[in-house]
Amino acid sequence: MTKVRVNAGACGYTAIVKVQALDRKKIHINIITACRMLQSLNEELGLIDWTKGVFDRFCDSVIYRTAHEKLKHTDCPVPMAIIKAIQVELKGAVPKDVTMKFEPTETGN
């Protein structure tokens, strides 16, 4: 099983994304969070065939299509974290942290 903790940012929610390969094609995804929108992803993404649209282009990816239907905020980092966790679980990527940090500009923001 692969587990990723996502601190989503300004919304204040944290999500734990758990991904487990069940066989050569099926994966189980479970998102543990207090965010109701993210919880609703479990209904659609709980058990999926990763060979059918997970790693397609953004508009075609089953992960991003489902996020489009269920989430209000396009800046939510959880869909990307789901894809990264699937890649790691399938041994297609190493478990390397992803970060984003705001830096001050000349205007002081």
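The values are calculated or read from the model by the stated rules, or taken from the named source; none is laboratory data. Model, not experiment: these values are computed from the prediction. When we count neighbours, we look across all protein chains shown, and the Cβ atoms used for this are built from the backbone with ideal geometry, even at glycine. Areas reflect the complete protein model, heavy atoms only, side chains present, ligands, DNA and RNA absent. Shrake-Rupley method; radii C 1.70, N 1.55, O 1.52, S 1.80 Å.
Computed values, structure above
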read-out: Pairwise label distance in nanometres, Glu69 with Val98, each label 7 Å out on the Cα-Cβ vector; value: 2.2
read-out: Average projected area [Cα convex hull, the chain], square nanometres; value: 7.7
read-out: Charge sum, other residues only, whose C-beta stays under 15 Å from Lys84's C-beta, Lys/Arg counted +1 and Asp/Glu -1; value: +3
read-out: Using θ = phi - 60° and Karplus 6.51 cos²θ - 1.76 cosθ + 1.60, couplings along region 31-45 (whole Hz; Gly, Pro as x); value: 10, 10, 6, 8, 6, 5, 5, 5, 4, 5, 5, 4, 4, 8, 9
read-out: With every protein chain in place, the chain: carbon and sulfur % of accessible area (1.4 Å); value: 51
read-out: Segment Arg5-Thr105, extension gain: residue separation times 0.36 nm, minus the distance between their alpha carbons; value: 33.1 nm
read-out: For the chain, calculated [θ]222 nm from helices alone, where every DSSP H run of n ≥ 4 adds -39500 (n - 2.57); value: -8500 deg cm²/dmol
read-out: The chain, dipole about Cα centre (Lys/Arg Cβ +1, Asp/Glu Cβ -1), debye to the nearest 20; value: 360
read-out: For the chain: accessible area per residue (Å², 1.4 Å); value: 72
read-out: Förster radius 22 Å - calculated FRET efficiency between Ile16 and Met37 (Cβ-Cβ, nearest 0.05); value: 0.90
read-out: Surrounding net charge for Ile16, when Lys and Arg each add one and Asp and Glu each subtract one, Cβ distance under 9 Å; value: +3
